[in-house]
Amino acid sequence: NKYAGYTIKETNPSEVPDEVTTSTVIKVYYEVETYSLIYNYNGGELPEGKTNPANYNVETDSFTLNNPEKEGYTFAGWTSDNGATYQTEVTIEEGTIGDITFLATFSPNQDTKYTVIHNKMNMNGVYEEAEREELHGETDSEVTPNRKNYEGFIIPQGETKTINGNGSTTFVYNYERAKYTFGVTDRTYLDSTSTANGEYYY
């Protein structure tokens, strides 16, 4: 078979005679061979309405692959069986042969949003939002946001989370209102029914 991209379908006659003379004619029939294209999108997906072919053959017109997308990441390129170099645009030229596997590679964005909400306890013991911050960091990295130092409130324990690529990561810090003890030890000049002694919120 001297034709790349084709396989022998049949010969006529089906078996070559033992003796071949100058007048012997053997007809060989070829059919085009189909090759597979395999994609590993590495957690990404193609834009809506876009597809990539699952197979091709040596006669297929040249075509360019559609690149996948991934929230919180930038497409860095394809690698394939043909080499490890990242290619942000891959074109399969007419005449190409062979099965090919493609791997999509992404780089994490450095400015993915995450939110920090600071809630203060009110005088009735209910937490109310006092401040909201929209911060940014590297996708899939761990972050522990700073807490505030509000006078008269207890600083909560820090929390560590991974920044989601879709920007949905949210921290909620609840600041408990501090309580202080108040007492009167000398009641000489106080009404005997005074109940001032006790604990009081800041």
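The values are calculated or read from the model by the stated rules, or taken from the named source; none is laboratory data. On a predicted model such as this, the values are computed, not experimentally measured, just so you know. Here the Cβ is made from the backbone with ideal geometry for all residues, glycine too, and neighbour counts use every protein chain on show. Please note that ligands, DNA and RNA were not included when accessible areas were found on the heavy atoms of the full protein model with its side chains. Shrake-Rupley method; radii C 1.70, N 1.55, O 1.52, S 1.80 Å.
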| task | Using a 10 angstrom cutoff on alpha carbons, build the Gaussian network for the chain and name the most mobile of GLU59, GLU31, GLU15. | result | GLU15
| message | I'd like to compare 176-182, 48-54: which one has the highest average count of other Cβ atoms within 10 Å, and what's the full order after that? | response | 176-182, 48-54
| Can you pull the percent of Cα pairs in the stretch 11-53 with separation above 15 Å? | 67 percent
| field | 37 °C / 0.692 mPa s Stokes-Einstein diffusion coefficient of the stretch 104-144, Kirkwood radius on C-alpha pairs, µm²/s | value | 263 µm²/s
| Alpha-carbon centroid distance for the pair the stretch 106-171 / the stretch 21-39, whole angstrom | 66 Å
| field | Largest-first principal axis extents, alpha carbons of the stretch 140-192, Å | value | 67, 14, 12
| If you project the alpha carbons of the stretch 1-139 onto their three principal axes, what span does each projection cover, largest first, in Å? | 109, 28, 24
| Using unit Cβ charges (K, R positive; D, E negative) and no other charged atoms, how large, in debye to the nearest 20, is the dipole of the chain about its Cα centre? | 1020 debye
| task | Could you please report the charge total around TYR173, scoring K, R as +1 and D, E as -1 over all other residues with beta-carbon less than 15 angstrom from its beta-carbon? | result | -1
| query | For the stretch 73-116, what relative contact order do you get, as a whole percent, if you take Cα pairs closer than 8 Å and at least 6 residues apart? | reply | 49 percent
| said: Straight-line reach from LYS50: which lysines fall under 19 Å, measuring Cα to Cα and dropping same-chain residues less than 8 apart? | reply: LYS70
| Any idea of the accessible area per residue across the chain, 1.4 Å probe, to the nearest Å²? | 67 Å²
| How would THR169, THR85, THR21 line up by accessible area, probe 1.4 Å, largest first? | THR85, THR21, THR169
| What's the Kirkwood radius of the stretch 72-202 in Å, using all Cα pairs? | 20.1 Å
| request: Return the long-range amide H neighbours of LYS161 (sequence gap of 5 or more, or a different chain), with a cut-off of under 5 Å between placed amide H atoms. | output: VAL143
| query | Percent of accessible area on the chain owned by carbon and sulfur, 1.4 Å probe? | reply | 44 percent
| query | Reachable lysines from LYS179, Cα under 22 Å, same-chain residues fewer than 8 places away excluded? | reply | LYS120, LYS148
